[in-house]
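Participant: Before we start, here is the structure in question, set down as structure tokens.
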């Protein structure tokens, strides 16, 4: 039954793609509740639409095969925010009680990430998505920044802080400035960067706030939340990422 539902979903998406050949179709990963309900903040959908794309929520998957079938449909993939990545995936024990994971979501997101990288689909990774992609490419995470980086700036809780941009990074190419003020809703972050990634921004405490590879743009903050709150200056993160997809 699940396979039939997925293939029905594929048919619907393919039909939608055919009617909008000039717009990139963007798949967005979603969360899953303990009761099995898929969920995603509307802010991601709004941001893709404002940037000129067609947003499609990707249902959670249980296998590499399902992931490959779905990912093949899209021009690009967004990995959204959410719970902590399981430490066991990057070879660590759970540090403390602040670490909250969602096993079905990890299974789905890592299968989707593997498929997206294999199929060479452009990826925009946001907050948990950035952590996911770092781990998927061979890196590790700080499980709890307040416990592991005592002198860090305030991360999480919606706090705003400055980030410094690397001049050869994608954020500098978009904004042409040395620093930006961003929001923060995380308590985890990149510890050991994956070998293939290039750092694009850091906070004053040295923690990674953005990175890239030829396929991936990743940010630790939430540009879609700032867009939803009325700051349209963050739309280019999405529109520049989508440029050239069609």
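Participant: Considering only DSSP beta bridges whose two residues both sit in the range 2-242, what percent are antiparallel, to the nearest 5?
Facilitator: Details: 19 of 35 bridges.
Of the beta bridges lying entirely in the range 2-242, close to 55 percent run antiparallel.
Participant: Starting from the Cα of residue 72, step 7 Å along the direction of its Cβ; do the same at residue 46; then give the gap between the two resulting points in nm.
Facilitator: Those two pseudo-labels are separated by 3.6 nm.
Participant: Another one. Rounded, prolate or oblate: which fits the chain, taking a ≥ b ≥ c as square roots of the Cα gyration tensor eigenvalues, rounded meaning a/c under 1.5, else prolate when a/b beats b/c?
Facilitator: Here the chain falls in the oblate category.
Participant: Sorting 142, 175 on the 10 Å Cβ count, fewest up front, what's the list?
Facilitator: Details: 142 22, 175 16.
Ascending number of Cβ neighbours within 10 Å: 175, 142.
Participant: So, in nm, how far is label residue 98 from label residue 33 when the simple model puts each one 7 Å beyond its Cα toward the Cβ?
Facilitator: Using points 7 Å along Cα→Cβ, the separation is 2.8 nm.
Participant: Ok, one more. Multiply the residue gap between residue 120 and residue 57 by 0.36 nm, knock off their C-alpha separation, and tell me the result in nm, one decimal place.
Facilitator: Once the chain is fully extended between residue 120 and residue 57, it gains 20.7 nm.
Participant: For the range 181-246, rounded, prolate or oblate, judged on the Cα gyration tensor with a ≥ b ≥ c (square roots of eigenvalues), a/c < 1.5 rounded, else prolate if a/b > b/c?
Facilitator: Numbers: a/c = 2.53, a/b = 1.17, b/c = 2.17.
Taking the square roots of the gyration eigenvalues as a ≥ b ≥ c, the range 181-246 is oblate.
Participant: May I pose another question? By the gyration tensor of its Cα atoms, with a ≥ b ≥ c the square roots of the eigenvalues, what is the shape of the range 111-246: rounded for a/c under 1.5, prolate for a/b over b/c, or oblate?
Facilitator: Here the range 111-246 falls in the oblate category.
Participant: Give me the number: length gained by fully extending residue 205 to residue 231, i.e. 0.36 nm times residue separation minus the C-alpha to C-alpha distance, one decimal in nm.
Facilitator: Once the chain is fully extended between residue 205 and residue 231, it gains 6.8 nm.
Any read-out appearing in this document is the output of simple, stated calculations on the displayed coordinates, not a laboratory observation. Remember, predicted model here, so these are calculated numbers, not experimental data. Positions of Cβ are backbone-derived with ideal geometry, glycine not excepted, and every protein chain shown enters the neighbour counts.
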